[in-house]
1. What does the charge count near Val97 come to, summing +1 for each Lys or Arg and -1 for each Asp or Glu among other residues with Cβ under 13 Å from its Cβ?
2. Subtract the Cα-Cα distance of Arg61 and Ala44 from 0.36 nm times their separation in residues, and report this length gain in nm to one decimal.
3. When N counts the residues of the stretch 21-97, how does its alpha-carbon radius of gyration compare numerically with 2.2 N^0.38 Å, as a ratio?
Amino acid sequence: MAKSTVLVDVAESSPTAFSKSVLHADSSIKLVRLQLPAGKQIPAHHAPGDLTVLCLEGEVRFEVGQEPYTLTAGKLIYVPDKRTHALTAVTDARLLVTIIAERDAAAVDSV
């Protein structure tokens, strides 16, 4: 069966409250919009596949293992499969997270 094209709007109201919205998910990819108010922390965890995090708005301190990175609007980070990562919103922020299930396609549904 052929996959259909999906158009989503990643813009939403100002990220002053935490929200997590799944924009699209199938057996190989999951797109999630995170809205984070300043100070919001997401503790260390790992994803079931490779992931990218694109900062759409604001500033986020992102750690992969013990390595710190700063994401601001337009910056993207790639995190390999099952690498531990954590983040803290320095300012109100909006992120687009893409999880790519390469090794275990069924695992992407668990995120």
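Bear in mind that the values in this text are calculations on the coordinates, not laboratory data. Model, not experiment: these values are computed from the prediction. Note: ideal-geometry Cβ built from the backbone for every residue, glycine included; neighbour counts use all protein chains shown.
1. So the surrounding residues net to +3.
2. Net length gain for the segment: 4.9 nm.
3. Rg over 2.2 N^0.38 Å, computed on Cα atoms: 1.02.
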